[in-house]
Amino acid sequence: MNLVRLILFSLLLFKLSCDDLKMHRVFELDLIILCVLGLVMFEDKTLLEWLMMVGLIIALALYGHHTHTMGSGDLPVILSFGLTMSLIEWLNALSLAALLALFAVILRKKAIHEELPFVPYLGLGWMMVYLIRLRLIFS
């Protein structure tokens with residue numbers, strides 16, 4: 001049953017990534033379903049981990065709102081990752097996503113201020129960390 005949830009989460013994340021790449025938007029219903037799947041795949045955390053994760057999400061939300069640098073789908077996707085991973089895995093996935101996006105900007109020679117769909121990079125970061133957890137990479 002866990003494998004089915006993992007596959008559904010991955011497929012929905014892929015759909016969100018495609019929507020973000022093609023239309024530069026994601027659909028609210030897809031985000032709700034992703035968060036519900038994240039709740040179903042819930043990873044138990046300590047109170048300190050929850051506080052740190054919520055604090056970082058609030059900081060990202062405030063920064064993204066103030067600077068208009070985050071799309072409306074980025075935070076729910078980041079939140080759903082937090083539900084499925086430990087704090088360290090979550091931070092690793094976010095770091096990988098940021099690095100992948102930075103490499104994409106450098107390789108495409110785009111300006112930093114240009115719009116960049118971030119959900120695909122979030123999805124790649126989540127997938128890489130989750131595959132490492134399942135020992136399908138580097139085993």
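Numbers at a glance
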item	result
Long-range amide H partners of residue 25 with built H, under 5 Å	20
The range 70-139 shape via C-alpha gyration tensor axes, a/c threshold 1.5	oblate
Cα gyration tensor, the range 3-76 - rounded (a/c under 1.5), prolate or oblate	oblate
Sorted peptide list for 74-84, 60-70, 34-44, criterion being average Cβ within 10 angstrom, highest first	74-84, 34-44, 60-70
Whole-Hz couplings from phi, Karplus 6.51/-1.76/1.60, listed for the range 80-97; x for Gly and Pro	5, 5, x, 6, 9, 9, 6, 4, 5, 4, 4, 5, 5, 5, 5, 5, 4, 4
Under-5 Å amide H pairs with residue 85, H placed in peptide plane, nonlocal only	43
Between the range 1-60 and the range 65-114, the alpha-carbon center distance in angstrom	13 Å
Extent along principal axes [Cα atoms of the chain; Å; largest to smallest]	42, 32, 30
Restricting the range 71-128 to GluC sites (Glu not before Pro) in coil, as DSSP defines it, with at most 12 other Cβ within 10 Å	114, 115
Normalised contact order of the chain, rounded percent, pairs of Cα under 8 Å and 6 or more residues apart	29 percent
The range 57-138: trypsin sites (Lys or Arg not before Pro) falling in loop per DSSP and having at most 10 other Cβ within 10 Å	109, 135
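Only the coordinates and a few stated rules stand behind these numbers; no lab work does. Source: prediction; values computed, not measured. We place every Cβ from the backbone using ideal geometry, glycine too, and count neighbours over all the protein chains shown.
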